[in-house]
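Working notes, structure below.
Laboratory data are not the source of any read-out in this text; all were calculated from the coordinates shown. On a predicted model such as this, the values are computed, not experimentally measured, just so you know. All Cβ positions, glycine included, derive from the backbone under ideal geometry; neighbour counts span all protein chains shown.
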Amino acid sequence: MNPKRTSELTSPAVIDKPSMDDKPYWVGFTLVKGIGAVRFQALLHHFGDAKTAWNASPFELASVGLGLKINERIIQIRKSLNLDEYMTQLEKKNIKVITRLDSNYPSRLKEISSPPPVLYVRGELTAEDAWAVGIVGTRGPSSYGRQVTEDMANVLAQNGVSVVSGLARGVDAIAHSAALKSGGRTIAVMGSGVDIIYPPEHRQLAEKIISQGAIISDYAPGTPPDSINFPPRNRIISGLSMAVVVVEAGKTSGSLITAGFAADQGRDVFAVPGPIYSPLSVGTNQLIATGAGVYLQPSDILESLDLVRNVERREFRKIVPADGTESALFNFLNTDPVHVDEIRAQLDLPIEKITAALTMMELKGMVRQVGGMNYVAVKDESGEYNL
């Protein structure tokens, strides 16, 4: 496609073998103002794990190069916070914690530059959410924008596609509501803690989303909504999605930020065309002029992303049992992309048998091709393979 924006900061090499009791310390660092994905990764890179970083001396923290103010905040937070009690409070509030290294961390989000180290979740993220489309737009849509959003979310939900948005007024709320009414799944990404619903009039909608999807945030519970929080959260909306559709957007709309992140992340971007004299269509028409896909009907997305087969995938998963080849493939594949030639070499199976099995497993939603004949396994919400 697509319009481009300034790339996100690139983090150091990912540490991928955390200790068993490291999760509370990941959570602790989310409470430190100024510690984002890049700085947290720098701490992991320097100390090896979050627990060691959390317990580091002031002198050791200074050697990381985070700056005096941030180091002081780390020391202050760890003096005043009992991490075990904090984790217990999260559990009592039914707030789940998923770190980037957990098996149930969304696989698409893990692919982006500097993915959020920690996600706070109310509700459930499932394997089905690997097939998701983001719908964003103005907080004050026209009747045209409202109808387009409702129709789009309705059809996507009926085809087993999760609808991702930001719970904001206008297009976001319409998209969530339409997906729920159609019996589909929807995910709301917050610019506040998951325990602080914003805007407040969407509390009832939020409860419905929790029962039929998930509310997530990389901001710690208790974080109030703030204008500086929303642009960064937009990268999570696009990161969770296969594609992003902008319904209506003014010249300076935050939805254009989401579209920019989507383009940087290699996601497809669609925009709904509108009247050239409408202020609500300035942003979407400009996206189209610079390469975004033109959204005219839901089938545009379903066909472009090969989501027409999504319901079929779910039915296949239910009725077709795994055979020996599928089991062997699942024992080998994980969330790291592996090329089909490497699979053949490691498993010593005929390439024809491997490709046939992978095709069937992709239909069943058990594996996903991530480009260039590279495959990953798809896990369910418990972190187990879909065998």
Margin query: Under the 0.36 nm per residue contour assumption, what length would be gained going from the current alpha-carbon distance of Ser114 and Asp226 to full extension?
Written below: 38.2 nm
Item checked: Residue exposure sequence - Val133, Val376 - by fewest surrounding Cβ within 10 Å -> Val376, Val133
Notebook entry, point to check: Given the rule -39500 (n - 2.57) for each run of at least 4 DSSP H residues, summed and divided by the residues of the chain, what is its mean residue ellipticity at 222 nm, to the nearest 500 deg cm²/dmol?
Noted result: -12500 deg cm²/dmol
Note to self: Checking the table Lys110/Lys251; Lys51/Lys92; Lys23/Lys93; Lys69/Lys93 against a 25 Å threshold on Cα-Cα, which pairs fail?
What the structure shows: Lys110/Lys251; Lys69/Lys93
Margin query: For the ranges 51-62, 172-183, 80-91, what's the packing order if you count other beta-carbon atoms within 10 Å of each residue, average per peptide, and put the highest first?
Written below: 172-183, 51-62, 80-91
Item checked: Selection from Ala328, Gly365, Ala42, by position along the positive dipole direction of the chain (Cβ) -> Ala42
Notebook entry, point to check: Just in the stretch 230-307: which trypsin sites (Lys or Arg not before Pro) are loop by DSSP and have at most 11 other Cβ atoms within 10 Å?
Noted result: Lys251
Check: What chymotrypsin sites (Phe, Trp or Tyr not before Pro) in the stretch 216-285 are in a loop by DSSP, with at most 15 other Cβ atoms within 10 Å of the Cβ?
Finding: Tyr277
Check: the stretch 42-183: D in µm²/s via Stokes-Einstein (Kirkwood Rh, Cα pairs, 37 °C, 0.692 mPa s)?
Finding: 178
